[in-house]
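The values are calculated or read from the model by the stated rules, or taken from the named source; none is laboratory data. Computed from a predicted structure; not experimentally measured. Every residue, glycine as well, gets a Cβ built from its backbone with ideal geometry; the counts of neighbours run over all protein chains shown.
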Amino acid sequence: MKKLQLTIYLKETDRSGDHALHELIVRRLLHSNIAGATVYRGVMGFGRHRHVHRTRLFGVSDDSPIVIVAVDDHDRVLAFLPELKTLLPSGLITVQEVETL
């Protein structure tokens, strides 16, 4: 069955007011009836600013990468994109078609 996978790339320190941005996005995905979402904390990564983000000794982070992945029907994912763009105006967002089993 064809679905859309929404992938959102953030930094652990990205915030919206007093809340971690990844938590806010996942809650908005839930309230938008998206089938499911998972947040991954990366060990290391870099983006367009060429700054390496990584977890250091004893798990202390200097801004670890965060990835949110959600999969649902085309219509639900596409309907969520305008809201997501207001929450994350400068972040990297990808959408791709996937086959679910």
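Observations, loosely collected:
- Among residues of the stretch 86-101, those that are touching a Gly at 6+ places or on another chain (Cβ under 9 Å) and either at pLDDT 95 or above or charged (D, E, K, R) (or both), counted: 0
- Taking the stretch 1-14 as the range and being of a type outside the set (A, V, I, L, M, F, W, C), in a strand (DSSP E or B) and either in contact (Cβ under 8 Å) with a residue 60 or more places away in the chain or surrounded by fewer than 19 Cβ atoms within 10 Å (Cβ to Cβ) (or both) as the test, the residues that pass are K2, K3, Q5, T7, Y9.
- Residue that is farthest from G42 (Cα to Cα), among those in the stretch 63-101 that are among the polar types (S, T, N, Q) and in a loop (DSSP other than H, G, I, E, B): T100
- Residue that is surrounded by the most Cβ atoms within 10 Å (Cβ to Cβ) [pool: residues in the stretch 15-28 that are under 27 Å from D73 (Cβ atoms) and in contact with a Leu (Cβ under 8 Å, 6 or more places away or on another chain)]: I25
- Positions within the stretch 1-56 being among the charged types (D, E, K, R) and at pLDDT below 95, in sequence order: K11, E12, D14, R15, D18, R41, R48, R50, R54, R56
- Candidate set: the stretch 65-97, residues that are β-branched (V, I, T) and exposed (fewer than 12 other Cβ atoms within 10 Å of the Cβ); chosen: the one farthest from R27 (Cα to Cα): T94
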